[in-house]
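S.K.: Can you read through this structure? Questions will come right after.
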Amino acid sequence: MNYYQYTAEDFAADDYFKEWVCAPTVESETFWRNFLRDYPERYYHVEEAKRLVGGLQHLNLTPDAAKSVHHIWWRIENTINSLETPVIAHSSNRWNPRVWLVAAMVVVVLGAGWIWWSGYDEHRTVSPMATPYVAAPEWVEAVNGADKTMLIQLSDGSIVQLEKNSRLKYPTEFGKIKREVHLVGGAFFDVQKNPNRPFLVFANGLVTRVLGTSFHVKAYQKDPNVTVAVKTGRVSVYADRPHPEKDPEVAGVVLTPNQKAVFDRQEATISKLLVEVPALQLPPAEVAHLVFEAAPAKKVFEALEKAYGVEVLFDEEIIKNCTLTINLTDENLYQKLEVICKVLDASYKLIDGQIIIYSKEC
C-alpha cells in the first residue's frame, strides 16, 4: 500500500485503517505510529480520516445497529467502486467519487446516530463533559488571520514569524531525533542550532532541512511555486517525494546566504537563484574597507564574494592585468556589478545562484 499518497478520504475507505481506529491492536498501533513518524506530512489527512471513522466507535451501537451500519458501509463502498468507471466525456457534471465518499460517511454517522438514539434508554444520563472524539494533544496549529505578523516560539527556542493568511502546525514538544513543522503560507524561521536534531519544514511538496539558521519560506496554496530564501547559515531543500531506494535530499539543492530555491509544484523541479536584494554579510566595520585604489580585479571580485557570501566565477588569466579604483560601500550588489563591468568592459550572468563574469583582457 502506498499510504504516503493517501488523502483523508482514501484512509477512511481503507479496511486496515478503519480496523485500527475502531479496534486497535499492538500490531496496528505500531504500524501507524511508524507510518506517521516516517511521513509526518500525512498527519492532517490521518487525523481527518480518524474523525470520520472514529465517530462511529463512540456511538455505543447495539448489535442490530452495528449490523445496519455495516450494511450501509457495504453499500457505500460498492457504490464508490462503481463510480470509479470512466464518465462519458459529454457529461457536463462529472461526479467525484471521493467527494461522494465523504458525503456518504456523513450519512453513515448521522444514520448510525439515529439508530442509536432510537434505542436510547430515556433513564440514562450522560455527562455534559463527554465528547465523541478527542485528538491527542501532541500538535498545535497556529492560524494568522490578522494583518500583522504572528510571533511563535517553539519548544526548542526557535522563533517563527508567521505571515498573514498563513498556518503553521507544530508539536508542543519536539522529538529527540528531529524537529518538524508544517507550513501553508509564508513565514520567517530563526532556528536554534542543534546538530543532533535537524529542523525540517514541510511546505506544499517541498522540504527545507537545517541544523540552525534563518530563512524565509513562501508556500501559499494558490501559488504554483514554493520559494525558500536564506538569510544566514546553510539550508538543504528537496522535493517531498518519498522513495524506498533513493534519498530525496540527494536530488535537492544546498542554499547559502542570499540564495533562494524556487520549487515548481507541478513539475517537481527546483531552481537555485539569487535573492532579489542580496544583503551584506559583513559587519559595519568591515564594509568601510570596500574601497579600492588601483587594486587587481581579482582582489575586488574576491572581496565582493566575501561581502555577500555568493560565489563569483571569473577567468583569472584574462583579468590578471586588470585594475580597479572603486568605492563599493553604498550601492547594492547588482549596482556594484554594473559599475565594475562598465569599467572592465565586461558582463555578468546569474546561474545557479552564482555570479559568472565574462571579461576581456586589459
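The values are calculated or read from the model by the stated rules, or taken from the named source; none is laboratory data. The model shown is predicted, which means the values in this text are computed figures rather than measured ones. Cβ placement follows ideal geometry from the backbone for every residue including glycine, while neighbour counts extend to all protein chains displayed. Accessible surface is based on the protein model in full, side chains and every heavy atom, while ligands, DNA and RNA are left aside. Shrake-Rupley method; radii C 1.70, N 1.55, O 1.52, S 1.80 Å.
S.K.: Looking only at the range 181-199, which residues are surrounded by fewer than 22 Cβ atoms within 10 Å (Cβ to Cβ) and in a strand (DSSP E or B)?
M.R.: Residues satisfying the conditions are H182, V184, G185, G186, F188, D190.
S.K.: What tally of residues in the range 306-323 results from selecting those that are buried (at least 16 other Cβ atoms within 10 Å of the Cβ) and either closer than 10 Å to I357 by Cβ or free of Cβ contacts under 8 Å to residues at least 40 places away in the same chain (or both)?
M.R.: Result for the range 306-323: 6.
S.K.: Hey, could you check the range 324-334 for residues that are part of a strand (DSSP E or B) and open to solvent by less than 50 Å² (accessible area, probe 1.4 Å) and say which is nearest to E361 (Cα to Cα)?
M.R.: Applying the filter and picking the extreme gives L324.
S.K.: Going by the conditions given, is F202 open to solvent by less than 20 Å² (accessible area, probe 1.4 Å) and either at pLDDT 95 or above or assigned to a strand (DSSP E or B) (or both)?
M.R.: no
S.K.: Which pairs have Cβ atoms under 6 Å, sit 6 or more apart or on different chains, and link a residue in the range 212-228 that is among the aliphatic types (A, V, I, L, M) to one that is open to solvent by 30 Å² or more (accessible area, probe 1.4 Å)?
M.R.: Matching pairs, first to second residue: A219/N204; V226/N204.
S.K.: Any idea which residue in the range 161-178 is nearest to the chain's Cα centre (by Cα), counting only those that are among the basic types (K, R) and open to solvent by 50 Å² or more (accessible area, probe 1.4 Å)?
M.R.: R167
S.K.: If you scan the range 324-356, which residues turn out to be under 21 Å from Q281 (Cα atoms), over 34 Å from the mean Cα position of the chain (by Cα) and in contact (Cβ under 8 Å) with a residue 40 or more places away in the chain?
M.R.: T329, I340
S.K.: Scan the range 213-229 residue by residue and report those that are of a type in the set (A, V, I, L, M, F, W, C) and open to solvent by 10 Å² or more (accessible area, probe 1.4 Å).
M.R.: If the condition is that a residue be of a type in the set (A, V, I, L, M, F, W, C) and open to solvent by 10 Å² or more (accessible area, probe 1.4 Å), then A229 is the only one that fits.
S.K.: Still on this structure, I have one more. Does L273 meet the test of being open to solvent by 30 Å² or more (accessible area, probe 1.4 Å) and of a type outside the set (S, T, Y)?
M.R.: Judged against the criteria, L273 is a match.
S.K.: Out of all the residues in the range 23-35, which are surrounded by 12 or more Cβ atoms within 10 Å (Cβ to Cβ), hydrophobic (A, V, I, L, M, F, W, C) and farther than 20 Å from D247 by Cβ?
M.R.: Passing the criteria: F31, W32.
S.K.: Does the range 190-199 contain any residue that is under 22 Å from G353 (Cβ atoms), in contact with a Phe, Trp or Tyr (Cβ under 9 Å, 6 or more places away or on another chain), in contact (Cβ under 8 Å) with a residue 24 or more places away in the chain and polar (S, T, N, Q)?
M.R.: No, that holds for no residue.
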